[in-house]
Amino acid sequence: MSALEKAFTSAPGRAISRKAGLKDPPRLRRGRSWPAGAIVLGTVGHGSLVADTLTLLGRTVESPVVDAGDDAPGYGSKIGALVVDATELRTIDQLETLRALLRPAVRGIEGAGRIVIVAREDVDGWEAASVARALDGINRTVAKELRGGATSTLLWTTGDTVSSDLMSTLGFVLQGRSAFVDGQAWHVGHAGDVHREFTAAPLAGRTVIVTGAARGIGAAIARTIARDGADVIAVDIPPAGEALAAVANEVGGVAVQLDITKPDAGRVLAEVVAQRGKGLHGVVHNAGITRDKMLVNTDAARWASVLEVNLAAQLRINDVLLDPETDGGLDDGGRLIGIASTSGLAGNKGQTNYAASKAGVAGLVQAMAPDLSARDITVNAVAPGFIETEMTGKIPFVQREIFRRSNSLTQGGRPVDVAETIAYLLDPASQAVTGQVVRVCGQNLVGA
Amino acid sequence: MSHNAVVIGGNRIPFAKSNGPYSEATNHDMLTAALDGLVARFGLSGMRMGEVAAGAVLKHPSDFNLTREAVLSSALSADTPACDLQQACGTGLETTIYIANKIALGQIEVGISGGVDSTSDAPITLSDPLRRTLLKASSARSFPDRVKPFTKVRPRHLSPKAPSVTEPRTGLSMGEHQALTTESWGITREEQDAIAAASHHKLAQAWESGFFDDLVTPYLGVARDAILRPDTSVEKLAKLKPVFGGPQGTMTAGNSTALSDGAATVLIASEEWAAEHRQPVLARIIDAEVAAVDHPGGADLLLGPVAATGRMLARQGLSIGDFDLVEIHEAFASTVATTLKAWADEDYCRGLGLDGAIGTIDPSVLNVTGSSLAAGHPFAATGARIVPTLAKLLQERGKGSRGLISMCAAGGQGVVAILEAV
């Protein structure tokens with residue numbers, strides 16, 4: 001810790017910085033915890049998708065306070081969440097209904113509360129399409145205005161989306177697991193009318209490979225999915241073996257020391273899976289490297305190594321694990337998860353190679369998802385923003401403090417926040433979510 | 001003998017030179033690290049093993065229960081029993097035989113063998129007169145009686161005794177013994193340097209190819225064997241001065257093993273257990289033998305394994321040509337050279353009570369991924385380094401491939417074993 005950082009984090013330093021307007025960041029709610037206050041259900045039109053989904057989640061709901069007059073009405077006590085069923089929203093006039101629901105809720109929401117808007121993306125007509133897009137602007141703005149760690153999320157559905165499709169996603173968003181997901185929008189489609197459960201151990205008895213599992217976000221992924229019941233195959237490069245073994249032993253998993261850029265890496269992983277004989281539910285392609293330099297100083301070697309580890313290796317491994325002939329390949333109904341980055345989505349000075357690889361991951365999952373839907377394999381990516389890790393701890397203090405505060409939650413995320421989002425996507429109940437890139441960035445100021 | 005004992009795999013930490021990167025690590029630390037890497041590789045976290053047997057040659061008195069304490073520090077179930085065994089440089093193989101025998105007899109289904117040694121954290125003891133003085137003083141009842149023994153302490157008694165690998169009955173170090181053997185068997189400097197250079201080159205190649213990715217777990221930031229010199233050559237080795245056998249000697253620091261720190265472990269189970277727990281199986285442990293020679297009576301100290309090999313092969317009805325791979329522990333390059341010569345020597349073998357010469361081997365089957373000269377030789381760990389290495393090599397060569405391990409040990413002893421790919 002530098003002298004400057006020590007001064008800043010000391011008691012007098014904090015008092016001064018508070019006076020100067022730098023507030024202590026809000027405390028986020030994490031884990032499988034529901035909002036403390038009431039969950040309020042608002043509806044624009046007569047849709048019942050959200051009401052049915054909340055019933056599946058076992059949540060009781062309360063009626064909304066609607067802003068009708070000149071006096072801004074309020075809730076008696078803080079509410080935990082407002083979930084708006086806007087699946088029947090088609091007109092500009094109906095946006096007023098939404099405003100009237102949001103205004104009291106934004107005022108009366110608890111710290112780390114949730115605003116969730118569920119809408120239809122497949123609407124006909126120019127006005128309806130325009131209004132649908134208006135929701136995106138509303139969601140992003142509400143996220144920026146909310147205080148105290150409360151977040152806003154927009155969930156797109158289609159006409160055939162049913163409550164069991166939406167259940168795992170709405171549960172994730174309302175619970176503390178989505179602590180650092182803010183101002184985001186993603187899609188929930190339809191994946192067949194099968195019975196799905198919302199449980200605390202959705203990955204019980206399922207094997208998941210996590211690459212780059214020795215430390216940081218990868219170790220958090222291993223711990224989080226083990227908590228959710230997964231049998232973890234933890235992979236990292238041989239020189240990271242000591243830390244990898246500690247993680248594997250902590251989660252009761254298996255450590256595989258493997259350089260994923262080796263040509264036979266996919267085969268080695270398939271052999272480990274086949275030997276265990278329990279199938280393969282998911283692969284989390286978390287391993288990644290940075291070789292930062294301004295483009296004018298980026299040579300072929302720096303370029304290649306980042307693209308090789310962050311993108312090419314996972315393509316090769318996927319090829320092997322998706323081959324139906326591979327003993328130890330990915331099960332039908334399985335999950336592939338990539339790690340993109342806000343750097344890839346927004347660009348970042350000095351990271352052309354990294355941005356290329358991470359935007360490439362986003363492109364990859366979007367391309368793979370429809371091709372694998374016939375096998376019920378979902379493919380998604382998570383794009384972390386500023387996450388407090390050993391790696392980001394090396395960024396100089398002032399710069400780090402600026403990065404931390406450059407998002408709507410005014411703090412860095414934790415590795416577990418990324419891990420929770422991945423665990424949600426791995427959940428068998430998240431079958432209707434595919435081809436998505438979910439940012440875990442606290443609504444970082446940069447990025448799409 | 002109703003069960004087959006099979007090697008599932010192994011794990012060791014990279015070996016390093018004495019007073020190098022592991023100078024602050026104890027035997028307990030290193031054995032725990034080796035166990036934890038094994039647990040992680042095979043997903044054994046929280047599991048109870050039938051037994052863990054390991055040992056160390058250089059051992060602190062406080063480490064009287066070294067292996068059990070390491071088990072308690074590891075990720076294994078605390079209900080796993082353990083014992084310490086010691087068979088000098090053959091310890092890691094002797095513990096493997098012990099666990100394999102228990103499995104074969106059905107006494108346990110799965111166990112771990114291993115060994116560890118630190119020449120950095122070696123125990124240093126008091127001189128005998130000073131130790132006796134302290135014991136006498138501590139048992140005295142009155143103050144004068146307590147002080148009196150110290151009047152007999154002389155300055156020379158105050159210097160501590162460092163551990164040495166000196167044979168108690170001959171007063172010669174292992175290197176000095178081997179120098180006698182080297183000379184009497186006519187082993188040249190060139191032969192020894194060639195063995196040493198080849199050991200480094202073969203080990204380096206194995207590391208380069210990723211062979212050790214599933215046999216070694218890094219420790220304290222060391223990811224590869226730290227003694228290994230990939231760029232050494234016969235020419236470079238030829239420049240070193242002799243350290244054993246006087247000024248005209250042929251044994252140098254380059255063709256003798258370095259004092260080393262490290263730990264190694266082997267996971268062994270019955271075939272039934274391995275199948276039931278869906279663990280990979282590399283090789284079956286077929287047979288083993290320990291022999292000794294009368295080195296105080298003039299026999300070559302480190303040729304104990306020759307008689308052991310001869311008797312074991314006769315019992316199994318095998319000849320030396322039946323082995324696809326042979327591992328001869330490189331205590332010194334000349335140990336390997338004299339062992340090979342002794343195997344081929346009709347008279348020497350008959351002198352040991354064998355029916356005739358053991359025979360010769362194709363040099364290409366010997367120590368194919370290098371051995372102790374390049375890897376280092378933490379005494380008790382070496383056997384547990386060789387067993388999984390050989391088991392993996394045999395498995396790569398296909399079902400039924402046979403391998404022989406020959407290890408010399410202090411006291412004129414030798415430990416040998418046969419593995420066969422499953």
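The values are calculated or read from the model by the stated rules, or taken from the named source; none is laboratory data. Just so you know, these numbers come straight off a predicted model, no measurement behind them. Heads up, the Cβs are rebuilt from the backbone with ideal geometry, glycines too, and the neighbour counts pull from every protein chain shown. What goes into the accessible areas is simple: the full protein's heavy atoms, side chains included, and nothing from ligands, DNA or RNA. Shrake-Rupley method; radii C 1.70, N 1.55, O 1.52, S 1.80 Å.
Name every residue in the range B:18-27 that is within 17 Å of the chain's Cα centre (by Cα) and either within 14 Å of another protein chain (Cβ to nearest Cβ) or at pLDDT 95 or above (or both), in order of residue number. Before you say what the answer is, go through the steps one by one.
Here is the first cut: in the range B:18-27, the residues within 17 Å of the chain's Cα centre (by Cα) are B:18, B:27.
Passing the criteria: only B:N27.
Go through (1) surrounded by fewer than 17 Cβ atoms within 10 Å (Cβ to Cβ); (2) in the same structural domain as B:G43 (by TED's automatic domain parsing) for B:Q279 and report which single condition fails.
B:Q279 satisfies all of (1) surrounded by fewer than 17 Cβ atoms within 10 Å (Cβ to Cβ); (2) in the same structural domain as B:G43 (by TED's automatic domain parsing) except (1).
Take A:G183 and tell me if it is without any contact (Cβ under 8 Å) to a residue 60 or more places away in the chain, at positive phi and either at the interface with another protein chain (Cβ under 8 Å from one of its Cβ atoms) or open to solvent by less than 40 Å² (accessible area, probe 1.4 Å) (or both).
Numbers: without any contact (Cβ under 8 Å) to a residue 60 or more places away in the chain: no; at positive phi: yes; either at the interface with another protein chain (Cβ under 8 Å from one of its Cβ atoms) or open to solvent by less than 40 Å² (accessible area, probe 1.4 Å) (or both): yes.
So A:G183 does not fit the description; no.
A:Y75 fails exactly one of the following numbered conditions: (1) open to solvent by 30 Å² or more (accessible area, probe 1.4 Å); (2) in a helix (DSSP H, G or I); (3) of a type in the set (S, T, Y). What is the number of that condition?
(2)
Looking at A:R99, is it open to solvent by 10 Å² or more (accessible area, probe 1.4 Å) and touching a residue at least 24 places away in the same chain (Cβ under 8 Å)? Steps first, answer last, please.
Numbers: open to solvent by 10 Å² or more (accessible area, probe 1.4 Å): yes; touching a residue at least 24 places away in the same chain (Cβ under 8 Å): yes.
Against the criterion (open to solvent by 10 Å² or more (accessible area, probe 1.4 Å) and touching a residue at least 24 places away in the same chain (Cβ under 8 Å)), A:R99 qualifies.
Yes or no, residue by residue, for (1) open to solvent by less than 50 Å² (accessible area, probe 1.4 Å); (2) under 19 Å from A:G385 (Cα atoms); (3) in contact (Cβ under 8 Å) with a residue 24 or more places away in the chain; (4) out of contact with any strand residue (DSSP E or B) (no Cβ under 9 Å at 6 or more places or on another chain):
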| site | (1), (2), (3), (4) |
| --- | --- |
| A:V116 | yes, no, yes, no |
| A:R140 | no, yes, yes, no |
| A:A143 | yes, yes, yes, no |
| A:V162 | yes, no, yes, yes |
| A:L170 | yes, no, yes, no |
| A:V173 | yes, yes, yes, no |
| A:H195 | no, no, yes, yes |
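Of the residues A:A243, A:A248, A:A274, which is within 14 Å of another protein chain (Cβ to nearest Cβ), among the small types (G, A, S), in contact with a Lys or Arg (Cβ under 6 Å, 6 or more places away or on another chain) and assigned to a helix (DSSP H, G or I)?
Testing whether each residue is within 14 Å of another protein chain (Cβ to nearest Cβ), among the small types (G, A, S), in contact with a Lys or Arg (Cβ under 6 Å, 6 or more places away or on another chain) and assigned to a helix (DSSP H, G or I) leaves just A:A243.
Of the residues that sit in the range A:324-341 and are touching a residue at least 24 places away in the same chain (Cβ under 8 Å) and within 14 Å of A:A274 (Cα to Cα), which one is surrounded by the most Cβ atoms within 10 Å (Cβ to Cβ)?
Initially, the range A:324-341 is screened for residues touching a residue at least 24 places away in the same chain (Cβ under 8 Å), giving A:326-341.
Now drop any that are not within 14 Å of A:A274 (Cα to Cα), which leaves A:326-331.
Numbers: A:T326: 19, A:D327: 11, A:G328: 21, A:G329: 21, A:L330: 26, A:D331: 18.
Here the answer is A:L330.
Keeping to the range B:378-422, report how many residues are among the aliphatic types (A, V, I, L, M) and assigned to a loop (DSSP other than H, G, I, E, B). Talk me through it step by step, then tell me what you get.
Within the range B:378-422, the subset among the aliphatic types (A, V, I, L, M) is B:380-381, B:384, B:386-387, B:390-391, B:393-394, B:404-405, B:407, B:409-410, B:415-419, B:421-422.
Remaining after also requiring assigned to a loop (DSSP other than H, G, I, E, B): B:410, B:422.
Count: 2.
When residues of the range B:39-51 are filtered for being outside any loop (DSSP other than H, G, I, E, B), of a type outside the set (V, I, T) and at the interface with chain A (Cβ under 9 Å from one of its Cβ atoms), how many remain? So that I can check it myself, show each step before the final result.
Just the residues of the range B:39-51 that are outside any loop (DSSP other than H, G, I, E, B), to begin with: B:39-42, B:51.
From the residues that got through so far, the ones that are of a type outside the set (V, I, T) too are B:40-42, B:51.
Now drop any that are not at the interface with chain A (Cβ under 9 Å from one of its Cβ atoms), which leaves B:40-42.
Residues flagged as outside any loop (DSSP other than H, G, I, E, B), of a type outside the set (V, I, T) and at the interface with chain A (Cβ under 9 Å from one of its Cβ atoms) within the range B:39-51 amount to 3.
Any idea how many residues of the range B:264-289 are aliphatic (A, V, I, L, M), over 12 Å from B:G111 (Cα atoms), in contact (Cβ under 8 Å) with a residue 40 or more places away in the chain and within 14 Å of chain A (Cβ to nearest Cβ)?
Step one: of the range B:264-289, the residues aliphatic (A, V, I, L, M) are B:264, B:266-269, B:274-275, B:281-283, B:285-286, B:288.
Filter once more, keeping what is over 12 Å from B:G111 (Cα atoms): B:264, B:275, B:281-283, B:285-286, B:288.
Next, only the ones that are in contact (Cβ under 8 Å) with a residue 40 or more places away in the chain stay: B:264, B:281-283, B:285-286, B:288.
Filter once more, so that each one left must be within 14 Å of chain A (Cβ to nearest Cβ): B:281-282.
Here the count works out to 2.
Could you check, for the range B:206-226, whether at least one of its residues is touching a residue at least 12 places away in the same chain (Cβ under 8 Å) and over 29 Å from B:L366 (Cα atoms)?
The answer is yes, given that some residue of the range B:206-226 is touching a residue at least 12 places away in the same chain (Cβ under 8 Å) and over 29 Å from B:L366 (Cα atoms).
Yes or no: the range A:323-333 includes at least one residue that is among the hydroxyl-bearing types (S, T, Y) and not in a helix (DSSP H, G or I). Outline the logic, then answer.
Taking the range A:323-333 first, the residues among the hydroxyl-bearing types (S, T, Y) are A:326.
From the residues that got through so far, the ones that are not in a helix (DSSP H, G or I) too are A:326.
Within the range A:323-333, one or more residues are among the hydroxyl-bearing types (S, T, Y) and not in a helix (DSSP H, G or I).
Check the range A:118-129 and report whether any residue there is surrounded by fewer than 24 Cβ atoms within 10 Å (Cβ to Cβ), under 18 Å from the mean Cα position of the chain (by Cα) and modelled with pLDDT of 95 or more.
Keep residues of the range A:118-129 that are surrounded by fewer than 24 Cβ atoms within 10 Å (Cβ to Cβ), which gives A:120-129.
Remaining after also requiring under 18 Å from the mean Cα position of the chain (by Cα): none.
There is no residue in the range A:118-129 that is surrounded by fewer than 24 Cβ atoms within 10 Å (Cβ to Cβ), under 18 Å from the mean Cα position of the chain (by Cα) and modelled with pLDDT of 95 or more.
With the requirement that a residue be assigned to a helix (DSSP H, G or I), of a type in the set (D, E) and farther than 30 Å from B:P230 by Cβ, what does the range B:166-200 give you? If you could, list the steps in order and put the result at the bottom.
Initial filter on the range B:166-200 (assigned to a helix (DSSP H, G or I)): B:174-184, B:189-200.
Pick out the ones that are also of a type in the set (D, E) and you get B:176, B:183, B:190-191, B:193.
Answer for the range B:166-200, where residues must be assigned to a helix (DSSP H, G or I), of a type in the set (D, E) and farther than 30 Å from B:P230 by Cβ: B:E176, B:E183.
Which count do you get for residues in the range B:201-223 that are buried (at least 18 other Cβ atoms within 10 Å of the Cβ), assigned to a loop (DSSP other than H, G, I, E, B) and more than 9 Å from chain A (Cβ to nearest Cβ)?
1
The rows are residues; the columns are (1) of a type outside the set (S, T, Y); (2) touching a Pro at 6+ places or on another chain (Cβ under 8 Å).
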site	(1), (2)
B:T382	no, no
B:V387	yes, no
B:L394	yes, no
B:G398	yes, no
B:R402	yes, no
B:I405	yes, no
B:C408	yes, yes
B:Q413	yes, no
B:V416	yes, yes
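Which of the residues belonging to the range A:225-240 are farther than 24 Å from A:P428 by Cβ and either open to solvent by 30 Å² or more (accessible area, probe 1.4 Å) or at the interface with chain B (Cβ under 8 Å from one of its Cβ atoms) (or both)? Talk me through it step by step, then tell me what you get.
Initial filter on the range A:225-240 (farther than 24 Å from A:P428 by Cβ): A:236-240.
Scanning the range A:225-240 gives A:I237, A:P238, A:P239, A:A240.
Check the range A:194-216 and report whether any residue there is farther than 30 Å from A:G159 by Cα, among the small types (G, A, S), touching a Pro at 6+ places or on another chain (Cβ under 7 Å) and within 14 Å of another protein chain (Cβ to nearest Cβ).
no
Hey, among A:L307, A:L269, A:L321, which residue is away from every other protein chain (no Cβ under 14 Å) and crowded, with 21+ Cβ neighbours inside 10 Å?
Values: A:L307 fails: crowded, with 21+ Cβ neighbours inside 10 Å; A:L269 fails: away from every other protein chain (no Cβ under 14 Å).
Among A:L307, A:L269, A:L321, only A:L321 is away from every other protein chain (no Cβ under 14 Å) and crowded, with 21+ Cβ neighbours inside 10 Å.
Which one is most open to solvent (accessible area, probe 1.4 Å) among residues in the range A:277-300 that are more than 14 Å from chain B (Cβ to nearest Cβ) and over 26 Å from the mean Cα position of the chain (by Cα)?
Among those residues, the one meeting the criterion is A:V296.
So A:S10 clears everything in (1) at pLDDT 95 or above; (2) not assigned by TED's automatic domain parsing to the domain that holds A:V116 except one condition, right? Which one?
Going through the list (1) at pLDDT 95 or above; (2) not assigned by TED's automatic domain parsing to the domain that holds A:V116, A:S10 breaks only (1).
Within the range A:251-262, can you find the residues that are more than 7 Å from every other protein chain (Cβ to nearest Cβ) and in a strand (DSSP E or B)?
The one that is more than 7 Å from every other protein chain (Cβ to nearest Cβ) and in a strand (DSSP E or B): A:V256.
Those residues that are more than 14 Å from chain A (Cβ to nearest Cβ) and touching a Pro at 6+ places or on another chain (Cβ under 9 Å), I need them from the range B:63-84; list them, please.
B:D63, B:R68
Taking the criterion of being closer than 30 Å to A:I237 by Cβ, modelled with pLDDT of 80 or more and either more than 14 Å from every other protein chain (Cβ to nearest Cβ) or touching a strand residue (DSSP E or B) at 6+ places or on another chain (Cβ under 8 Å) (or both), would at least one residue in the range B:189-197 satisfy it? Spell out the reasoning first.
Quick first cut of the range B:189-197, residues closer than 30 Å to A:I237 by Cβ only: B:197.
With modelled with pLDDT of 80 or more added as a condition, the list becomes B:197.
The next check asks that each one be either more than 14 Å from every other protein chain (Cβ to nearest Cβ) or touching a strand residue (DSSP E or B) at 6+ places or on another chain (Cβ under 8 Å) (or both); those that pass are B:197.
Yes, the range B:189-197 has at least one match.
Exactly one condition in (1) over 14 Å from A:V273 (Cβ atoms); (2) part of a loop (DSSP other than H, G, I, E, B); (3) not basic (K, R) is not met by A:L315; state its number.
Here A:L315 clears every test but (2).
For the range B:227-249, which positions are closer than 17 Å to B:A198 by Cα, in a loop (DSSP other than H, G, I, E, B) and not hydrophobic (A, V, I, L, M, F, W, C)?
Just the residues of the range B:227-249 that are closer than 17 Å to B:A198 by Cα, to begin with: B:227-240.
If we keep only those that are in a loop (DSSP other than H, G, I, E, B) too, we end up with B:227-233, B:239-240.
Within the range B:227-249, B:R229, B:P230, B:D231, B:T232, B:S233, B:K239 meet the criteria.
With respect to A:A191, is the statement that it is open to solvent by 10 Å² or more (accessible area, probe 1.4 Å) and either part of a helix (DSSP H, G or I) or within 30 Å of B:R41 (Cβ to Cβ) (or both) true?
Answer is no for this residue.
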